[in-house]
Amino acid sequence: MDTKKVDQVFETSDLNLAAYLVATGFKLLRQPFNPTGKHFTIFTFAPSPEITQASLNFFNKQAPIDAATYGESVRSLVTSMRVLNKGGRENE
């Protein structure tokens with residue numbers, strides 16, 4: 001699990017976890033960004049006392065989520081990543 005908490009924000013490079021967090025109401029602070037170049041994306045979330053537990057629930061398969069809501073979050077984040085990988089930099 002490539003996930004970390006830095007300076008009170010929560011960051012992850014895991015698309016599936018990021019989609020789950022977005023779908024369950026955690027605030028994405030900015031569009032995904034790529035700090036190193038090709039095929040690496042960071043999702044940055046606002047500080048929350050519940051976000052670490054939510055991520056643990058996700059990885060332990062104890063996180064209830066509506067499939068359609070989760071799917072829409074995945075599609076939305078993938079679209080943002082495609083824009084980023086084509087050279088666009090959204091909301092930085």
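Readers should treat all values here as calculations from the given coordinates under stated rules, not as data from a laboratory. Predicted model, so just to flag it, every value in this text is computed and none were measured.
Quick notes on this structure:
- Computed from backbone phi with θ = phi - 60° and the Karplus coefficients 6.51, -1.76 and 1.60, the 3J(HN,Hα) list for segment 67-82 is 4, 5, 5, 5, x, 5, 5, 4, 4, 5, 5, 5, 4, 4, 5, 5 Hz; x is used for glycine and proline.
- Stretching the chain fully between residue 82 and residue 48 yields a gain of 9.5 nm (0.36 nm per residue, less the alpha carbon separation).
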